[in-house]
Amino acid sequence: MAAAGRLRRRLLLVVPWHWGCSPRRWGTGGPAAGQVRAAFLRFFQERHGHRRLPSASVRPRGDPHLLFVNAGMNQFKPIFLGTVHPRSELAQYKRVVNSQKCVRAGGKHNDLEDVGRDTYHHTFFEMLGNWSFGDYFKEEACSMAWELLTEVYEIPKDRLYVTYFGGDSSLGLNADEECRDIWLCLGVPASHVLPFPLKDNFWEMGDTGPCGPCTEIHYDHVGGGRNAAALVNQGSPDVVEIWNLVFMQYSREVEGNLIPLPQHHVDTGMGLERLVTVLQNKHSNYDTDLFAPILDAIHKGCGGPRYQGLVGEADIGAVNMAYRVVADHVRTLCVCITDGIYPGLSGAELVLRRILRRAVRFCSEVLHAPPGLLASLVPTVVLWLTLLLFLGEIADIINENEAAFLSSLERGRRIIERTVQQMEPSMDFPGESPSSAWLYLKMRKAHGLQARQLEGENVHLDVHSLAQLHSNNVPVTDDSPKYAYTLGQHGQYEFSPCQATVLMLYRDQSLQEEVGAGQRCGVILDRTNFYAEQGGQASDRGYLMHLGQQDTLFPVESVHLCGGYVIHEVTAVETLRAGDQVQLFVDEAQRLACMINHTATHLLSFALRHILGDNTEQQGSHVTAERLRFDFNTKHLQQVEQVVQEVIKRNEVVHMAEVPLTLARRVQGLRTVDEEYPDPVRIVSLGVPVESVLIHDSEAAMHTSVELCCGTHLLQTGAVEDLAIISERQLAKGISRVIAVTGGQAKQVRKKD
Ligand code: SER
């Protein structure tokens, strides 16, 4: 006891009041949610040397297995798997802390059905997390967590329980006794250190990907000297998990087997909502300052009884559940719409539509609220979540979707009533009748959510082979020759030749020194002028000429980038060995067509912004040799072609240069938040030299097209010749997709007009 007192005094000296989290400064209600979040970030940043990062968007980038970002670790998956490009900013991280926006409403981690029934599951929540990438491991992770909870937040130790992985014989995994012993050494009594099986204490992001044993910290809301070990992991609202510390050691492969990761990492996640509940001495997340203002706004909007926090049978007519559902769902809607996910008909959009409709049903059927209640909550949510986005737009999207849903519900109701009137009392209700629940199920099935989550496996290097390449110090591919082209005397593009050495071959998930004739394989070279698919630009095709007696040509079907290695997919025409020399021939016509369309995409983006203002944000693009596709979030489309054509006519120089990422981030108007960028990063600027952009950043970036881009571009805009928009389609409310063609194709389209 005396020792604990001394330790606390020492910590109070070292960790002064500015943590903002000393109970003496909180007042009786405990710290505000904002103070809790700030104290977490500061603790890891200032005390334990972590780098603080902003939250990523909830829209997953480049991960076909995910509908939404569902954990803080999603954006770091390439680090865990070792697929990160060694030159990228991501690869430099060792210790990181942030608060990540997460949505768990689809896929492996889906809490949708629990939301509203209990007081601690949410479709959207904030996850406080600290990470070690090949740096500290179990011991430091546990002791930092314990220090934060018990010394900084001053949570009574006797209310905390920790769990560890109890092993799994079918996977040949032993119990994590190391973790158990760490907790015991930290002074947690043995009766509070509990083993649990795979289901509870082995964390996996999805069906495949990085995973490992975890240790969780649970809090007993009742306390009072009792031992609540029997309630841990039993779904009791009294004993709730607050923090999960995952020790990333494996990668789960498609076949289900576990492969050890090249490095050990730590991934922790603590739900801000649950932590705030503990620190504000509440029993329900909905009683904290994160939800109370929204519940008040719901009450003001619909009248009727106030929220009383009742659950289960005590909650007559599910009125309290309705309050919780609406408060939870409107937060999710605001966050998703802000990040560019709109209610729609497939994937994450379909899930969001379902969330919106669930909220509307509770508003209208249980709370008897007038239409528009949901959207009226947006300002409160936006204020409390400090989302910097178009309030009006979010509210419009919610209102339009609500109106459409209410009218289809009404139609459905009328049909059901008619059907019931025509039925004999003994007849079964016909399966085809459109009750809303049936419509939901039907829609889900029709859009194959499950199937979509499993799609997208590609011929990338497996984790094991990648680790082997790195550990054998095989240098990553020098792909700078992809930019080696110039304009010839007559304005034609001249691509420099490129010769390379085969470093390794990849086949059947293993690295090989040799492949025989007729075998499909990935060829890893020391250098290449092939463009690997990335940044929305399709990969090059072409040939490798095997320099030998015959100079045999191997067609290159596609090219991928993985962990800095460029993989050329070929079917070997004859035996190919590590050390062989090859001459590289990119299909220049296809490459040039891609370059034209990529430069044209920048022109289109610039023209849209120029005409429609800064709210026009690119939502995605895809550039191939045949056409370019561009998704953007605005409804108007006028004068755009004209602006593009003017820039084409001016034959502006396309300036391209690599600059340090920190410098590029200072250029206003360049979005650098959610993407993974190499350092140095490439800037592509139309008409204005990159140096001028860096010096007069805001001016230049506003008046021309300036983008961070790794694509291959024309050297002057004139070669685009022409651009014609051949279709514009609304994908979802507020997002349109434009398909355009360039050059001769564009001219033909114009002739037909
Ligand atoms: N990835 C783990 C989780 O989501 C810990 O952050 O629970």
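The values are calculated or read from the model by the stated rules, or taken from the named source; none is laboratory data. None of the values given here were measured: they were computed from a predicted structure. We place every Cβ from the backbone using ideal geometry, glycine too, and count neighbours over all the protein chains shown. When the accessible area is computed, the model is the full protein with side chains, heavy atoms only, and any ligands, DNA or RNA have been set aside. Shrake-Rupley method; radii C 1.70, N 1.55, O 1.52, S 1.80 Å.
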Subject >> Gain in span if fully extended, residue 175 to residue 253, counting 0.36 nm per residue against the direct Cα distance >> reply: 25.9 nm
Original post:
Once a ≥ b ≥ c are taken as the square roots of the eigenvalues of the Cα gyration tensor of region 100-182, is the result rounded (a/c under 1.5), prolate (a/b larger than b/c) or oblate (a/b not larger than b/c)?
Top reply: oblate
**OP:** Find the centroid of the Cα atoms in region 464-512 and in region 164-182, then give the distance between the two in whole Å.
**Re:** 43 Å
Original post:
To the nearest 10 square angstrom, what accessible area does residue 143 show with a 1.4 Å probe?
Top reply: 40 Å²
Original post:
Highest mean first, what order results for 491-503, 291-303 on Cβ atoms within 10 Å?
Top reply: 291-303, 491-503
Original post:
Taking the highest mean first, how do the peptides 355-362, 528-535, 738-745 order by number of other beta carbon atoms within 10 angstrom per residue?
Top reply: 355-362, 528-535, 738-745
**OP:** Net charge near residue 326: determine it from the other residues with C-beta under 15 Å of the C-beta of residue 326, scoring Lys and Arg +1 and Asp and Glu -1.
**Re:** +4
**OP:** Between residue 238 and residue 48, with labels modelled 7 Å along Cα→Cβ, what's the label distance in nm to one decimal, could you check?
**Re:** 3.1 nm
Subject >> Accessible solvent surface per residue of region 462-545, calculated while the other protein chains remain in place, 1.4 angstrom probe, Å² >> reply: 46 Å²
Subject >> Calculated FRET efficiency for the pair residue 368/residue 520, C-beta based, R₀ 56 Å, to 0.05 >> reply: 0.35
**OP:** Grab the beta carbon distance between residue 658 and residue 748, set R0 = 51 Å, and tell me the FRET efficiency rounded to 0.05.
**Re:** 0.85
Original post:
For residue 624 and residue 407, FRET efficiency with R0 = 41 Å and r from the beta-carbon atoms, rounded to 0.05?
Top reply: 0.55
Original post:
Using the Cα gyration tensor of region 463-514, with a ≥ b ≥ c the square roots of its eigenvalues, what is the shape: rounded (a/c below 1.5), prolate (a/b larger than b/c) or oblate (neither)?
Top reply: prolate
Original post:
Among 482/649; 77/138; 101/157; 482/747; 94/482, which pairs are too far apart, with a Cα-Cα distance over 21 Å?
Top reply: 482/649; 101/157; 482/747; 94/482
